[in-house]
Amino acid sequence: MVRMKSSHARAAALTALLAFSALPASAQEIEHHKTEKAKPAAPAPTVTQEMLTNAGSDAKQFLHTNANYEQTRFYPGKQINASNVSKLRPAWIFQMDVRESLETSPIIVGEVMYVTTSFDHVYALNAKTGEEYWHYKHKMGPITTYCCGPNNRGVAVLGDKVYFATLDAKLVALDAKTGSLVWETEIADPELGYSETMAPSAVNGKILIGTNGGEYGIRGFFRAYDANTGKLVWNFDTVPEDSVGVWATKDASGHDMHRDIAAEKAQLAKTGDPYKTLGGGVWQNPAVDLKLNRIYFVVGNPSPDLDGSKRPGDNLYTDSLVALDLDTGKYVCHFQYIPHDVWDLDSVSPPILIDVKDKDGKTVPGVVHAGKTGYVYVNKRDDCGIIRISDVMVAQENFWTLPTPKGARMLPGANGGVEWSPMAVNQRLNLTYAVNLHQPMTYQVQTSPYPEGKLWLGGAFKVIPGEEQFGNVSAVNYNTGKIKWQVQTPQPMMGGVLATAGDLVFTGEANGWFRAYDAESGKILWSFQSGAGVNAPPSAYAIDGKEYVVVGAGGNTQIDFKRGNNIIAFTLD
Amino acid sequence: MMSAMRSAQIAIAGIVAAFPLVPTAVSAASVEENAQTCAGCHGENGVPQAKTTPIIWGQNEGYLYIQLRDFKSGARKSDQMSAVVASLEKADFKALAAHFAGLKWPILGQPSPPKDAAKAALTVIGSVGCTSCHLDQFQGDGTTARLAGQQSEYLFNTMTAFRDGSRANNPGMSDLMKAVQPSDIKPLAEYLASLQVVGGQQ
């Protein structure tokens, strides 16, 4: 459903409002807004496709969730660098109305910053002063079905609009200057387990978006909508009607997965292909290759998470890298990291497009992705084939032990490895930076039929009380697969990384510390205590010749880190 | 001044467009009538008559709707509730859910459990990660139930029912309860019942 808002509709609505103004609830709204001081419109320049295409070399703005179409999260400015970062201080702190899990990537257009909160609020701020231009609260429908926190990871920008997606599975376009609603499209039915937390991506007049729902037996998809009208342009089902694959017995790293192929084949003969309820959400942004005219994204876990008995086969394209044609959404190639996953180790950290060395030392276009397995995977861009797998960043214990009814212990736990946290790369150093979790879990399996949109885990994964948990910041050479340096953190890491041309790496911790590391050595060069978990990816920008680094400090629902409501921008004196 | 007025008006129009004031398909009178039936067990003032009957005043709207839907379809079994919903339809469920979600959750002031019981409850909560779905302070949202301040006996019964499969309308919750030791269910119920309701998360 697409709802267009015209000035005519506005006039009608205004009349309706006057007619109903005796209703107490609406009267309250009116009072509230009458007394609110009118704010100036946000002076955001029109975002052209050229600006989006060249974002990688633009040190003034931060136009994509992961910095640029290649998703390198590499900021080209070097005013803030290893020699002066110790003098970094807060320029301003903005406190939002919602104090809940904060995973937003701030987007900066001209001198306007867009951030989002849990429960789908959007703010436009003055990026220089932290003052608010507008605040949009999505009117949430009564039915929302999501598992892991009421998160929102931010907006996409194109033309004069900002785009975001909601927990009740809507795609929304707002006027970038005023924050008023332009259109709203229902992506899917939340009663069937669909929801949205990812930021959309904008390219060539299209808004790209996936879906959550791998814990509810959805059939996953990735889609393009028309940026002007909100109409569907193309749809790609992430689970094909033939989802069986090649009955792979090993994962991409060559470990035996202990599949009972005979039992699976018997199940297939009995119940057929499970594609309709097989999950396969996509909940992080795609990388865009404008030269090849392709997008690359990773697909989440199969449903139900831990019980493979009712979903025979490799469960394509769950836990996979997938490439599509940007114009048509047609399949180009895929690579499955974990066939027939029964540990919820879905592929989620966004893939990165950079040149890499192939097995013969030749430079080729590559795709780099960090798995919940704790590996960095380096694939070829032409046919999605694997080039190499890195040293493992997190200890593996009882790796590929099957879940049992009583519970079996395994490391990594269901959060990884590496969770949704985006990596950043420094191509001068051939390093990719990932944040890790060391969180052993017990995996239990239970069988139940498809529950029509209800929670469908196929068992339970539990953190083990008393067992040590911690995190790492890891720098991995993607041309050799070797870990260059690793710094241990007291808690598991979830949030994301920013690398800069100043040879710095920024990332935050659950205990409130936001830190800058030396990109080459991993030495901690600067730290700031934010008062709440820094579990969001940082961004950077420049205004009037002055560089800023900005990050959200609001904690995290999924692993219950201390909540807050701050957006903090830092600069040098 | 003028331009300030104009933008205030546009802001109001925006709100109206986003929150249409169109009455729902069911008339206000019939929601009231239906709600009268509920008061017999769920309480005139939101405090249920029996300790095994859940509080529904101020519960999350999506959750209330889904439960009524599930009682009707038989996915959730209860002799009392299935008789109640037999003559009602989807539109009634939506209206009733909106109605009860809008009422104030009653504060029962249930006592905190003894220290070692609270500790046992918190260990399970940390291990399973209950708040990743039931959210900070167990307020819930959407189709996930608010648990804070719910009746202790009801919580115990329904968690036990999830565990033994007699409440079968959410296999995910059943799986999670099967991963919990039976002896931890009472401490969990008492702990959750003793929590305060923080009146909406926004």
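Tabulated values for the structure
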| quantity | calculated |
| --- | --- |
| Residue match in the stretch B:173-192 (condition: of a type in the set (F, W, Y), within 12 Å of chain A (Cβ to nearest Cβ) and in a helix (DSSP H, G or I)) | no |
| Candidates A:S105, A:S118 - the one that is away from chain B (no Cβ under 14 Å), in contact with a Ser or Thr (Cβ under 9 Å, 6 or more places away or on another chain), touching a residue at least 40 places away in the same chain (Cβ under 8 Å) and outside any strand (DSSP E or B) | A:S105 |
| All positions within the stretch A:203-226 that are assigned to a loop (DSSP other than H, G, I, E, B) and buried (at least 21 other Cβ atoms within 10 Å of the Cβ) | A:G210, A:G213, A:G214, A:E215, A:Y216, A:G217, A:I218, A:G220 |
| Hey, A:D355 out of contact with any Cys (no Cβ under 7 Å at 6 or more places or on another chain), charged (D, E, K, R) and assigned to a strand (DSSP E or B) or not | yes |
| Selected residue [under 24 Å from A:I386 (Cβ atoms) and basic (K, R)] from A:K250, A:K231 | A:K250 |
| Scope the stretch A:271-299; condition among the basic types (K, R) and touching a Pro at 6+ places or on another chain (Cβ under 9 Å); matching residues | A:K291 |
| Some residue of the stretch A:484-507 being among the aromatic types (F, W, Y) and either surrounded by fewer than 19 Cβ atoms within 10 Å (Cβ to Cβ) or closer than 13 Å to A:V435 by Cα (or both) | yes |
| Options A:L158, A:L174, A:L125, A:L167: the member that is under 30 Å from B:P171 (Cβ atoms), touching a strand residue (DSSP E or B) at 6+ places or on another chain (Cβ under 7 Å) and crowded, with 23+ Cβ neighbours inside 10 Å | A:L167 |
| Pick from the stretch B:125-144, criterion assigned to a helix (DSSP H, G or I) and without any contact (Cβ under 8 Å) to a residue 40 or more places away in the chain, ranking: nearest to A:L455 (Cα to Cα) | B:C133 |
| Count - residues of the stretch B:153-178 that are buried (at least 21 other Cβ atoms within 10 Å of the Cβ) and out of contact with any helix residue (DSSP H, G or I) (no Cβ under 6 Å at 6 or more places or on another chain) | 5 |
| Test: residue in the stretch A:450-471 that is within 18 Å of A:G522 (Cβ to Cβ), in a strand (DSSP E or B) and touching a Leu at 6+ places or on another chain (Cβ under 9 Å) | yes |
| Scope the stretch A:418-446; condition more than 9 Å from chain B (Cβ to nearest Cβ) and hydroxyl-bearing (S, T, Y); matching residues | A:S421, A:T432, A:Y433, A:Y443 |
| Scan of the stretch A:540-570 for residues that are among the aromatic types (F, W, Y) and out of contact with any strand residue (DSSP E or B) (no Cβ under 9 Å at 6 or more places or on another chain), ordered by number | A:F561 |
| Residues of the stretch A:231-246 satisfying the condition of being of a type outside the set (S, T, N, Q) and touching an Asp or Glu at 6+ places or on another chain (Cβ under 7 Å) | A:V233, A:E241, A:D242, A:V244, A:G245, A:V246 |
| Candidate set from the stretch A:173-195 (those that are out of contact with any helix residue (DSSP H, G or I) (no Cβ under 9 Å at 6 or more places or on another chain) and within 18 Å of A:Y123 (Cα to Cα)); member that is farthest from the other protein chains (Cβ to nearest Cβ) | A:A176 |
| Qualifying residue in the stretch A:525-538 (condition: in contact with a Phe, Trp or Tyr (Cβ under 8 Å, 6 or more places away or on another chain) and under 17 Å from A:A127 (Cα atoms)) | yes |
| Candidate set from the stretch A:250-275 (those that are among the basic types (K, R) and loosely packed, with under 14 Cβ neighbours inside 10 Å); member that is farthest from A:R223 (Cα to Cα) | A:K270 |
| Sole residue being more than 14 Å from chain A (Cβ to nearest Cβ) and among the small types (G, A, S), chosen from B:A97, B:A101, B:A75, B:A118 | B:A118 |
| Members of the stretch A:421-443 that are assigned to a strand (DSSP E or B) and either surrounded by fewer than 23 Cβ atoms within 10 Å (Cβ to Cβ) or within 22 Å of the chain's Cα centre (by Cα) (or both) | A:A424, A:V425, A:N426, A:L431, A:T432, A:Y433, A:A434, A:V435, A:N436, A:L437, A:H438, A:T442 |
| Positions within the stretch A:473-530 being of a type in the set (D, E, K, R) and not in a strand (DSSP E or B), in sequence order | A:K482, A:D503, A:E509, A:E520, A:K523 |
| Restricting the stretch B:121-143 to residues that are surrounded by fewer than 19 Cβ atoms within 10 Å (Cβ to Cβ) and over 19 Å from A:C148 (Cβ atoms), the residue that is nearest to the chain's Cα centre (by Cα) | B:L122 |
| Total residues in the stretch A:561-573, condition of a type in the set (D, E) and surrounded by 20 or more Cβ atoms within 10 Å (Cβ to Cβ) | 0 |
| Restricting the stretch A:68-98 to residues that are in a loop (DSSP other than H, G, I, E, B) and of a type in the set (S, T, Y), the residue that is surrounded by the most Cβ atoms within 10 Å (Cβ to Cβ) | A:T72 |
| Test: A:D289 is under 26 Å from A:C147 (Cβ atoms) and either surrounded by 13 or more Cβ atoms within 10 Å (Cβ to Cβ) or touching a Ser or Thr at 6+ places or on another chain (Cβ under 8 Å) (or both) | no |
| Residue list for the stretch A:456-478, filter: crowded, with 18+ Cβ neighbours inside 10 Å and either among the charged types (D, E, K, R) or in contact (Cβ under 8 Å) with a residue 60 or more places away in the chain (or both) | A:W456, A:L457, A:G458, A:G459, A:A460, A:F461, A:K462, A:N472, A:S474, A:V476, A:Y478 |
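Yes/no matrix, rows are residues, columns are (1) at pLDDT below 95; (2) touching a Phe, Trp or Tyr at 6+ places or on another chain (Cβ under 7 Å):
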{"site": "A:T116", "(1), (2)": "no, yes"}
{"site": "A:H121", "(1), (2)": "no, yes"}
{"site": "A:A124", "(1), (2)": "no, yes"}
{"site": "A:T129", "(1), (2)": "no, yes"}
{"site": "A:E132", "(1), (2)": "no, yes"}
{"site": "A:K137", "(1), (2)": "no, no"}
{"site": "A:C148", "(1), (2)": "yes, no"}
{"site": "A:L158", "(1), (2)": "no, no"}
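The values are calculated or read from the model by the stated rules, or taken from the named source; none is laboratory data. These figures come from a predicted structure and were not determined experimentally. Ideal geometry is used to build each Cβ from the backbone, glycine not excepted, and the neighbour counts take in all protein chains shown.
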